[in-house]
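Q: Please find one structure pasted underneath; my questions will follow.
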Ligand SMILES: C[S@@+](CC[C@H](N)C(=O)[O-])C[C@H]1O[C@@H](n2cnc3c(N)ncnc32)[C@H](O)[C@@H]1O
């Protein structure tokens with residue numbers, strides 16, 4: 001039977017609503033048609049009665065099968081937007097989250113106030129933070145990641161978006177030369193004990209990008225220590241809900257002059273700013 005675009009939209013919304021809540025299903029359906037099939041809303045409005053080519057129907061059915069198993073849409077599509085730029089993502093990289101925009105905005109603000117001329121993004125993943133800073137400032141930007149596969153995706157994104165970044169493989173700041181400048185990081189901060197309660201989509205993302213020992217605090221605390229010892233003027237970290245108090249205390253005991261916690265729109269601790 002011939003399926004029209006109008007019917008495809010209804011069928012797809014219904015198929016997604018079997019495992020997503022209705023609002024999410026509707027929003028995803030639109031994204032699939034726009035980003036996946038490349039048809040804008042106005043095109044769809046004008047072509048609702050056109051038949052959907054067999055190839056497009058096959059692609060959508062294959063996406064539904066993968067999505068039903070919990071695979072995130074960004075991995076199926078192969079890219080996602082961050083600060084209006086398109087970043088390639090693969091199962092080797094965390095899928096960028098909109099909350100990380102807070103970290104980038106704070107880094108731009110603190111970096112400008114401190115008049116830094118360089119910055120390092122630790123645990124760069126797909127490169128969203130380093131690329132944003134490189135394209136939105138005149139700073140010299142370096143980035144590191146422990147995962148060679150993630151670094152290769154970040155390098156590809158930087159080159160695709162025209163960002164000049166020095167990439168270094170290695171743990172935390174180990175392979176980053178002095179002087180550091182502003183240290184910025186969205187490192188793994190999820191408590192491994194929370195794993196059984198997490199959304200099933202997270203099982204598709206690399207565990208090495210999500211979890212950290214010591215209730216999720218080990219890597220952020222280690223970076224605060226390294227950055228302080230190597231005289232960074234400031235260290236900005238994305239953090240997990242409820243981690244602000246303890247990380248502030250640790251930052252102050254490491255010799256940072258000030259440590260401030262910022263909350264996200266949901267009122268959860270999301271950002272730690274440590275100032276020398
Ligand atoms: C939460 S993801 C963040 C990725 C990206 N910065 C973003 O905001 O989307 C954390 C990243 O840190 C990397 N990572 C984990 N342990 C690390 C370490 N000890 N040193 C450097 N990078 C590390 C992971 O490979 C992963 O790419």
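The values are calculated or read from the model by the stated rules, or taken from the named source; none is laboratory data. Every value quoted in this text rests on a predicted model; they were computed, and no experiment measured them. Methodologically, a virtual Cβ is constructed for each residue, glycine included, from the backbone with ideal geometry; neighbour enumeration extends over all protein chains shown.
Q: Of the residues that make up segment 125-136, is at least one out of contact with any strand residue (DSSP E or B) (no Cβ under 7 Å at 6 or more places or on another chain), surrounded by fewer than 18 Cβ atoms within 10 Å (Cβ to Cβ) and either assigned by TED's automatic domain parsing to the domain that holds residue 88 or modelled with pLDDT of 95 or more (or both)?
A: yes
Q: Checking residue 150 against (1) touching a helix residue (DSSP H, G or I) at 6+ places or on another chain (Cβ under 9 Å); (2) surrounded by fewer than 18 Cβ atoms within 10 Å (Cβ to Cβ), only one condition comes out false. Which one?
A: (2)
Q: Considering only segment 77-90, state which residues are within 12 Å of the ligand (Cβ to nearest atom) and closer than 20 Å to residue 63 by Cβ.
A: Passing the criteria: 80, 87, 89, 90.
Q: Given the options 227, 274, 212, name the one that is crowded, with 18+ Cβ neighbours inside 10 Å and farther than 20 Å from residue 170 by Cα.
A: 274
Q: I've got another one for you. Pull out all pairs, ordered by first then second residue, where Cβ-Cβ is under 8 Å, the residues are six or more apart or on different chains, the first lies in segment 160-184 and is over 10 Å from residue 120 (Cα atoms) and in contact (Cβ under 8 Å) with a residue 60 or more places away in the chain, and the second is within 12 Å of the ligand (Cβ to nearest atom) and not in a strand (DSSP E or B).
A: 161/131
Q: With 54, 49 as the choices, which residue is in contact with a strand residue (DSSP E or B) (Cβ under 6 Å, 6 or more places away or on another chain), surrounded by fewer than 12 Cβ atoms within 10 Å (Cβ to Cβ) and not assigned by TED's automatic domain parsing to the domain that holds residue 188?
A: Values: 54 fails: in contact with a strand residue (DSSP E or B) (Cβ under 6 Å, 6 or more places away or on another chain).
Answer to the check: 49.
Q: Take residue 238 and decide whether it is closer than 22 Å to residue 104 by Cβ and either at pLDDT 95 or above or within 16 Å of the ligand (Cβ to nearest atom) (or both).
A: yes
Q: Let me ask something else about it. Could you please find all residues in segment 104-118 being in contact with a helix residue (DSSP H, G or I) (Cβ under 7 Å, 6 or more places away or on another chain) and either farther than 21 Å from residue 272 by Cβ or within 13 Å of the ligand (Cβ to nearest atom) (or both)?
A: Once the filter is applied, which keeps residues that are in contact with a helix residue (DSSP H, G or I) (Cβ under 7 Å, 6 or more places away or on another chain) and either farther than 21 Å from residue 272 by Cβ or within 13 Å of the ligand (Cβ to nearest atom) (or both), segment 104-118 yields 104, 107.
Q: For segment 2-54, give me each residue that is touching a residue at least 24 places away in the same chain (Cβ under 8 Å), in a helix (DSSP H, G or I) and within 23 Å of residue 88 (Cα to Cα).
A: Within segment 2-54, 28, 31, 32, 33, 35, 36 qualify.
Q: Just give me the residues in segment 75-121 being part of a loop (DSSP other than H, G, I, E, B) and touching a strand residue (DSSP E or B) at 6+ places or on another chain (Cβ under 7 Å), in sequence order.
A: 78, 89, 95, 96, 99, 114, 116, 117
Q: Let me ask something additional. Against the condition over 17 Å from residue 210 (Cβ atoms), in contact (Cβ under 8 Å) with a residue 24 or more places away in the chain, surrounded by fewer than 16 Cβ atoms within 10 Å (Cβ to Cβ) and assigned by TED's automatic domain parsing to the domain that holds residue 204, how does residue 114 come out, does it pass? Please lay out each step first, then the result.
A: Numbers: over 17 Å from residue 210 (Cβ atoms): yes; in contact (Cβ under 8 Å) with a residue 24 or more places away in the chain: yes; surrounded by fewer than 16 Cβ atoms within 10 Å (Cβ to Cβ): yes; assigned by TED's automatic domain parsing to the domain that holds residue 204: yes.
Against the criterion (over 17 Å from residue 210 (Cβ atoms), in contact (Cβ under 8 Å) with a residue 24 or more places away in the chain, surrounded by fewer than 16 Cβ atoms within 10 Å (Cβ to Cβ) and assigned by TED's automatic domain parsing to the domain that holds residue 204), residue 114 qualifies.
Q: While we're looking at this one, here's another question. Taking the stated definitions as given, is residue 33 crowded, with 16+ Cβ neighbours inside 10 Å and over 30 Å from residue 134 (Cα atoms)?
A: yes
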